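One structure is given below, encoded as structure tokens.
Computed from the coordinates by the stated procedures, all read-outs in this text should not be read as laboratory data. The shown structure was predicted, so the numbers you read here are calculated from the model rather than taken from an experiment. Cβ sites come from the backbone with ideal geometry, for glycine too, and all protein chains shown count toward neighbours.
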Amino acid sequence: MQLLVDSEGQKKSITVDGITDWEWCPNRNLVVFTSFSKTAEGSTQIDPKVGFLKIPERKVVSLKSMKNSESLKLVMHPQGFYLAIINEYLTKKSKQFSVELFDLNDTRSDLFPQQQIFIRRVVFDFNGVFWEPNHHRLAVHTNSKREMEAGKREYTVDAKRNGVDIYEMSQHP
């Protein structure tokens with residue numbers, strides 16, 4: 001077994017500054033990665049990025065910045081049609097979550113349409129994103145603050161909601 005040859009005919013490793021997570025795209029010659037890098041002085045952090053690296057060319061074909069992100073977690077669709085990224089970010093008041101969705105269906109283009117799901121409640125635990133195996137739906141599992149409706153009597157003292165929300169990818173973002 002040998003290292004993959006790059007476009008200049010050399011066998012060398014792929015280096016990405018600050019890489020934290022990566023996934024192979026099952027239906028395309030792509031590696032998707034997240035990176036958290038610092039400036040040359042090492043003092044200030046540059047906005048985290050999500051990159052799409054074409055293999056075997058080793059060329060970054062797309063790079064998306066995620067402003068104020070604390071962590072990014074990649075979740076690839078089993079067939080490689082979509083990519084979900086769990087984005088934990090800070091606002092002025094609190095920690096928030098969103099799910100960034102990328103459509104990887106168009107194999108002729110290096111453009112990846114993006115959609116976003118904002119989790120609009122107080123989340124205690126973000127348990128994960130789970131794709132429907134053969135279609136375009138995903139489930140978001142969170143443990144969050146229970147929303148109390150005015151005038152409705154609750155019979156439980158548990159203030160947490162352990163719930164699953166199911167979303168469907170729209171065809172035209």
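Can you give the FRET efficiency to the nearest 0.05 for residue 125 and residue 63, using r as the Cβ-Cβ distance and R₀ = 30 Å? In this case the efficiency is close to 0.50.
Enumerate the lysines that residue 59 could reach by cross-link, defined here as Cα to Cα under 25 Å, with residues fewer than 8 away along the same chain left out. Result set, ordered by chain and number: 11, 12, 38, 49, 67, 73. Between the listed residues 134, 69, 124, the Cα displaced farthest toward the positive end of the dipole of the chain, a dipole computed from Cβ unit charges relative to the Cα centre, is found at 124.
Residues 69, 13 in ascending order of nearby Cβ atoms (within 10 Å, fewest first): 13, 69. In plain terms, the residue of 85, 46, 166, 119 with the fewest other Cβ atoms within 10 Å comes first and the most crowded comes last, giving 166, 46, 119, 85.
Please build a GNM for the chain, connecting alpha carbons under 10 Å apart, and tell me which residue among 125, 110, 47 fluctuates the most. Residue with maximal mean-square fluctuation among 125, 110, 47: 125.
Relative protection proxy for 73-79, 92-98, 5-11, 19-25, from highest mean packing down: 73-79, 19-25, 92-98, 5-11 (other beta-carbon atoms within 10 angstrom). Each Lys or Arg adds one and each Asp or Glu takes one away; over the other residues whose Cβ falls under 14 Å from the Cβ of residue 81, this sums to -3.
Our summary gives the range 19-168 a relative contact order of 13 percent, counting only alpha carbon pairs under 8 angstrom and 6 or more residues apart. Listed by chain and number, the aspartates and glutamates whose alpha-carbon sits under 20 Å from that of residue 145, ignoring those within fewer than 8 places in the same chain, are 88, 125, 154, 158, 165.
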